[in-house]
1. When you scan the range 282-354 for strands (runs of 3 or more DSSP E) that lie fully inside it, which ones turn up with 1 or more residues that are more than 14 Å from the chain's Cα centre (by Cα) and farther than 20 Å from T50 by Cβ?
2. Can you tell me which residue among R240, R228 is of a type outside the set (G, A, S) and part of a loop (DSSP other than H, G, I, E, B)?
3. Within the range 513-552, track down each residue that is among the charged types (D, E, K, R) and in contact (Cβ under 8 Å) with a residue 60 or more places away in the chain.
4. Please verify whether the range 424-446 includes one or more residues that are surrounded by 21 or more Cβ atoms within 10 Å (Cβ to Cβ), more than 30 Å from V570 (Cα to Cα), modelled with pLDDT under 95 and not small (G, A, S).
5. When the range 149-166 is examined, which residues are found to be surrounded by fewer than 17 Cβ atoms within 10 Å (Cβ to Cβ) and either not assigned by TED's automatic domain parsing to the domain that holds L197 or not in a helix (DSSP H, G or I) (or both)?
6. So how many residues does the range 418-468 have that are assigned to a helix (DSSP H, G or I), farther than 20 Å from N312 by Cα, in contact (Cβ under 8 Å) with a residue 40 or more places away in the chain and not acidic (D, E)?
7. Can you pull out every residue in the range 475-521 that is buried (at least 21 other Cβ atoms within 10 Å of the Cβ) and assigned to a loop (DSSP other than H, G, I, E, B)?
8. So L291 fits all but one of (1) under 26 Å from R157 (Cα atoms); (2) of a type outside the set (K, R); (3) in contact with a His (Cβ under 9 Å, 6 or more places away or on another chain); what number is the exception?
Amino acid sequence: MLNRSEIPPGMKELKVIIATDCGSTTTKAILIEKMPNGEYRQTYRGESPTTVEAPFEDVTKGVLNAIAEVEELSGRKILEGEKIIQPNQGKTGVDLYVSTSSAGGGLQMMVAGAVKTMTAESAQRAALGAGAIVMDVLASNDGRLGYEKIERIRQLRPDMVLLSGGTDGGTITHVVELAEYLAAADPKPRFGIGYQLPVIFAGNKDARPNINQILDKKTSLYIADNIRPVLERENLGPARNKIHDLFLEHVMAQAPGYKKLMSWVGAPIMPTPAAVGMIMETISKKERINLVGVDIGGATTDTFSVFDGIFNRTVSANLGLSYSISNVLAEAGLPNIMRWVPFDVKEEDIRNRIKNKMIRPTTIPQTLDELQIEQAIAREALRLAFEHHKQLAVGLKGIQQERSISDAFEQVATGQTLINMYRLHLIVGSGGILSHAPRRVQSMIMMIDAYQPVGITHLAVDSIFMMPHLGVLSQVNEKAATDVFVRDCMIYLGAAACPVGQAKSTEKCMEYKILLPDGKIISDSILSGEVRLYPLDVGQEATIEATPTKHFDLGEGKGRPIKKKVSGGVVGIIIDTRGRPLLLPESKSERVTYLQKWAKAVALYP
């Protein structure tokens, strides 16, 4: 990671920046330019298929193709053969090139800890926060026999291993045992022949001599500060920083074409998810809000959250919309996907479409039916990834807490999820299915259906999926990243008012008033099971006053009124009284009728 002290003095005067993100399917390039008024804006973008796999096996080919498209659109000469012209001179060259990457499967790690629900879980959070896909979590008490653990390590061939265990000064027995399993397995990394697997030890400092003796000759061993120095506190930063360093030095250096790419960039290449997480944290701190974010891709779905300053990230490595689309079907089940399809369709047809997408992952929907089916699958991928996230975004386990009655409602019990939907301010979506939906309201409804927000929540999407680019850029020039983020990246969709509760469709759910910025007042009541949309433009604010019936709760308790300011967006304000949890009719014909009615109410499709 580039420290502020290492930034060259001229770096602050950047005028032209090119940034790329090498994804599993597509490599995306954006051009950022400094305007005469001193603001930075994203001006042009290009994309190309990623070329890390056969027949090219050189990631730079895709990078050059994406930059060539930017070059053609902008009229600026950026490339001289296979070289990026630096620095910029008028209409030629750029001042800085930065990149992120998740190509080649991204950073794939294995983590190990003494106790599954304590140090092993902390190690998992450290790896996930650094942008890794966690292939498996080993623990002394995970129920597997020694030979099974050894076989599992050999089978997975991770890029890197994070080994943790024990508080400082505590027992060393279990973590030494895990190190012996690792040494016995002697795993070979995915990329690179003849180089040793990087292993980070971030456990009990008293165990370091033993770990060094067991692993130093068989692995490339690195020591980091203990991720759980005492039971009551996590210390994930040093391990995460070491993961980033080793990702660059070992993993990226072995992947096809990355050595060449690393010689071009002006800042270390970051894993795409780590860069997105960095921007998510920036939003939360800047606005002082709790948020949930998602990046849904072709192979994985990453979910991020920041609640009360605590950042968590999880990756659902088997939930994506191209390479992993069949896994969404397997995990969600066909009935759960079909419940979102707003027309009558045979099960066999859905299965065939999903298999076709898996074997032709770069295709995009060509008809409205195909689009609706893909968006139905996306809802389930988002829902499942969020459920996975809630299981890992939890308070520290193994801690005894003393509480008074007054703070019993404020603190999160150990081992309980930190995700409190009533206290959620913003949901941010990114990835092709959300960023490139034909209508922005489709993105908003997909996220409402998947996450089922409660009370009043704002929603936004990344306009063209540039969060990774801005995350890595923020390490070099925070102003450039922030300017582009605010003006070009975030598309604010609006707000959703969603009461919790259930009632018959003939029963009234609530009465409400919307006080618009021009002084007009919308006053109405709404039955249970309806969706309504009211336009409210970006930059405008309105006030919602609502009184739910005794069966419903908008955040203040059942039947209690609420008054809250909301900000507008390109969609506006959605009132959703379908109930929480959202239960769709079991009858197919009745369900399709409801889906079509809700879609018509918000102009979801043409």
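1. Filter on the range 282-354 gives 301-307, 310-316.
2. After ruling out the rest, the residue left standing is R228.
3. Selection gives E530, R532.
4. No, every residue in the range 424-446 fails to be surrounded by 21 or more Cβ atoms within 10 Å (Cβ to Cβ), more than 30 Å from V570 (Cα to Cα), modelled with pLDDT under 95 and not small (G, A, S).
5. Scanning the range 149-166 gives a single hit, R157.
6. Qualifying residue count for the region: 11.
7. Scanning the range 475-521 gives V476, N477, P499.
8. Condition not satisfied by L291: (1).
The values are calculated or read from the model by the stated rules, or taken from the named source; none is laboratory data. Keep in mind that this is a model prediction, so the values were computed, not measured. Every residue, glycine among them, receives a Cβ derived from its backbone with ideal geometry; neighbour counts consider all protein chains shown.
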